[in-house]
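So the structure is just underneath, and the comments pick up after that.
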Amino acid sequence: MINNQSSPSILILVLLLLPITNSFLLQNNPPPTFLKNNEQSSKLQATSGAPLECRAVGIGSAAPRTVVTNVDLETVVETSDEWIRTRTGISQRRVLVHPIAPHPVHGFEEGEDWMADEKNEGLKILGIKAAKQALEMSNVDPEDIDFVICATSSQEDLFGDSTSIAAALGCKNSFAFDLTAACSGFLFGIVTAGQYLDRGGKASGVSHALVVGADALSRFVDWDDRNSCILFGDAAGAMVLSSSHDNDEDSDKYGILGYSMHSNGLGSKDLQCSMTPTVRPVKTRGDGVELSTASYDFMTMNGKEVYKFATREVPRVLNEALDAANIDVEQVDWLLLHQANIRIMEVVAQRLGIPMDKVITNLSDYGNTSAASIPLALDEAVREGKVKKGDIIACAGFGAGLSWGAAILRWG
Ligand code: UT7
C-alpha cells in the first residue's frame, strides 16, 4: 500500500522512468502509422495464411441473354470498337435489361417455370442458375450445404440476396450472408469459406459451403461516361467447397494452399458508388426533423489510378500468397485474375514471369463482371477441359475499396 508520504518520491521515480518505458514500448509496439496515399502497400490492413484444407468441387456460371457489343456503344458515347478492344481487350458484354424480378421463391406460383422466362432475368436468378450448375458438378445435395455466401456490391435487396438464393436452391439447412468487397468479393468469399471448412470443419461443424459471386454493375454505371461504361457487364458465378475428411490422404495438397488479402480505404475515392441523400422533412412534434432518404448515385472511377494500383499491388499480393503456400511460380498451371483489362493481365503475368498461354481469360466476351469474373472464367476453363483436377491456379481479385487479394487453389 502506498502511503501519502511516499507518493512524491514514487511520482519522481515514475517521471524519471517514463522516457525509458516509452522508448521500450515504441520499439516493441510501433504506433500505428496511417498510410498517406494508396501508393504504398497497406501493411496494416492485411492478412495472409496457409493452407486452408478444403476442396473446390463444383463450379458454375450464368450471364444475361442481352449482348451489347463495342459497335453498339459507338452510338451511346464517343468511342470506337478499335479503342475499346486495344485499350481493354473487351469486345462485348452481357447486361440485364429487365426490372428486378419477384422473389425467387414466394414471388411465383407453385410449379411455374419462372427460371425459363426471360422477363424474370435478374441478378438473384443469375446467382441461382450459377449455383445450380456448381451444385450439380459437386454432387453435394443442397440440403447438405451448411452456409451460403453471396459476394456482391449490387444486391437486389439492401438486406442481402444470399438468403433468397439459398431458399430457391433448397439449401434448407444453411445460414447465409452477403459479403461486399467489390471485384475482390469472390476471392474474399472463398477464403472466408475456407476458414470454416479448414481441418475437416471440426471447429465450425461446416462440411459444405456455396460461394456465389454476382454483380450487375450495368445498373450503376453512367451510360454517358465513356471512361467507365465500356468496361462493365453483368453475370454470376458460383463454387461449392467441401471440407476434407480424415481419410482424405491428399487433404493438405488440395483446396486453398495459400492466400493474402488487403484493403486500403484511402484509395476508395478512385472507384466508388456513393449514396445521394435527398432531404425528407418528417413532421414530429414542434418544428419537425429533416431526415433523408437515399439512393445510389452512378459509379465514378479514376481509371488511370485504378490501373496503376492493380499493376503495382496484384503481382505483390500473388507473391505473398505463393510464399504462404510455399509454391514456386513455375509450379503454377494457370493465372486467373479478376477480368478488368487485358493490359493489366499482361503486366501482372510479365512481372511474375508467367507466359500468357497460362492466363485464363474470357474478358473479351463478358467485360468486367466484378465479383462474378473469377468464377465465370474458371467455369468456362473447367468445362472446356482446360483446367484439370490437381491443377494449381493462382487467382487474384482487386477493385473498389480499395481491396485486393490472392489465393492459390488446387482444383478438384
Ligand atoms: O474492377 C476494377 C475496375 N476498374 C479498372 O480495372 C480500370 C483500370 N483502368 C483501365 O482499365 C484504363 O485506365 C481505362 C480502360 C479505363 C482507360 O484506358 P487508358 O489507356 O488509361 O486511357 P486514358 O484514361 O489514359 O485515356 C486516353 C485517352 C483520353 O483522351 P485524351 O485526353 O488523350 O485526348 C481519354 O479521354 O482516351 C480517351 N478515352 C476514350 N476514347 C475513346 C477514354 N475513354 C475512351 C473511350 N473511347 N471509351
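The values are calculated or read from the model by the stated rules, or taken from the named source; none is laboratory data. What you see is a predicted model; the values in this text were computed from it and never measured. In this analysis, Cβ positions are derived from the backbone assuming ideal geometry, glycine residues included, and neighbour counts consider all displayed protein chains.
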- Query: Out of all the residues in region 128-146, which are assigned to a loop (DSSP other than H, G, I, E, B) and in contact with a strand residue (DSSP E or B) (Cβ under 7 Å, 6 or more places away or on another chain)?
  - Reply: VAL140, ILE145, ASP146
- Task: Take ILE327 and decide whether it is within 14 Å of the ligand (Cβ to nearest atom) and not basic (Lys, Arg).
- Result: no
- Could you list, in sequence order, the residues of region 301-324 that are buried (at least 23 other Cβ atoms within 10 Å of the Cβ), within 29 Å of SER274 (Cα to Cα) and more than 9 Å from the ligand (Cβ to nearest atom)? GLU313, VAL314, VAL317
- Hey, any hits in region 92-100 for a residue that's within 14 Å of the ligand (Cβ to nearest atom) and closer than 26 Å to ILE374 by Cβ? yes
- In region 53-82, how many residues are assigned to a loop (DSSP other than H, G, I, E, B), more than 10 Å from the ligand (Cβ to nearest atom) and without any contact (Cβ under 8 Å) to a residue 60 or more places away in the chain? 2
- Restricting attention to region 384-395, and to residues there that are surrounded by fewer than 18 Cβ atoms within 10 Å (Cβ to Cβ) and of a type in the set (Gly, Ala, Ser), which single residue is modelled with the lowest pLDDT? GLY390
- Note on the structure: Residue set GLY385, GLY367; condition small (Gly, Ala, Ser) and within 11 Å of the ligand (Cβ to nearest atom); output residue GLY367
- Message: I'd like the residue in region 269-295 that is part of a strand (DSSP E or B) and closer than 30 Å to GLN350 by Cβ and, out of all such residues, is farthest from the ligand (Cβ to nearest atom).
- Response: GLN272
- Query: What's the number of the condition ASP224 fails, among (1) in contact with a Ser or Thr (Cβ under 9 Å, 6 or more places away or on another chain); (2) within 12 Å of the ligand (Cβ to nearest atom)?
  - Reply: (1)
- Message: So, in region 329-386, exactly how many residues are farther than 19 Å from ILE256 by Cα, of a type in the set (Ser, Thr, Tyr) and assigned to a helix (DSSP H, G or I)?
- Response: 3
- Message: Looking only at region 141-199, filter to residues that are of a type in the set (Asp, Glu) and touching a Ser or Thr at 6+ places or on another chain (Cβ under 6 Å); which one of those is nearest to MET115 (Cα to Cα)?
- Response: ASP178
- Output the residue which, of all residues in region 388-409 that are in a strand (DSSP E or B) and of a type in the set (A, V, I, L, M), is farthest from the chain's Cα centre (by Cα). ILE392
- Could you please find all residues in region 346-383 being closer than 19 Å to LYS129 by Cβ and exposed (fewer than 15 other Cβ atoms within 10 Å of the Cβ)? ARG383
- Query: (1) more than 16 Å from the ligand (Cβ to nearest atom); (2) modelled with pLDDT of 50 or more; (3) of a type in the set (Ser, Thr, Tyr): which one isn't true of THR88, the others all being true?
  - Reply: (1)
- Query: Given the conditions (1) within 16 Å of the ligand (Cβ to nearest atom); (2) assigned to a helix (DSSP H, G or I), and given that PHE298 satisfies all but one, which numbered condition is not satisfied?
  - Reply: (2)
